[in-house]
Amino acid sequence: MAIPDDESLLAAVKALRENEPTLARAKVLKQLKENNWELSEKRLKACMTANNLKSAAIASPIIVAQPKLEVQLPRNATYYEVVKHVFKEFTRCRIPLIFLLYL
């Protein structure tokens, strides 16, 4: 097993991030270890944090915009419009499932 230097580790992590931006750190570590690299999770975390290479799911907060309505609807109707919008975005895989637990 080889221990990668900082430059090659950074290049490999950036390449993985370009291909799969939502890949979690544990999966990145697993893929790097498949290349016969000896690497600790602590070192990978330090490298990723120092170079701002967090996963896309963590790096950008998810903001659900409420649909703009021309007509003022009763409270229930507005709620159903928001739910419909969130469901449509969820089926497009834009909202992770964990977010829906906090609605």
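Read-outs throughout are calculated quantities, based only on the coordinates presented, and are distinct from any laboratory measurement. The structure displayed is predicted, hence computed values, not measured ones. Positions of Cβ are generated from backbone atoms using ideal geometry, with glycine treated the same way; all protein chains shown enter the neighbour counts.
Overview of values
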quantity: Output for region 1-22, where each listed residue is in a loop (DSSP other than H, G, I, E, B) and closer than 17 Å to Lys42 by Cα; calculated: Ile3, Pro4, Asp5
quantity: Residues satisfying the stated conditions in region 32-51, i.e. surrounded by fewer than 16 Cβ atoms within 10 Å (Cβ to Cβ) and part of a helix (DSSP H, G or I); calculated: Lys33, Glu41, Lys42, Arg43, Lys45, Ala46, Thr49, Ala50
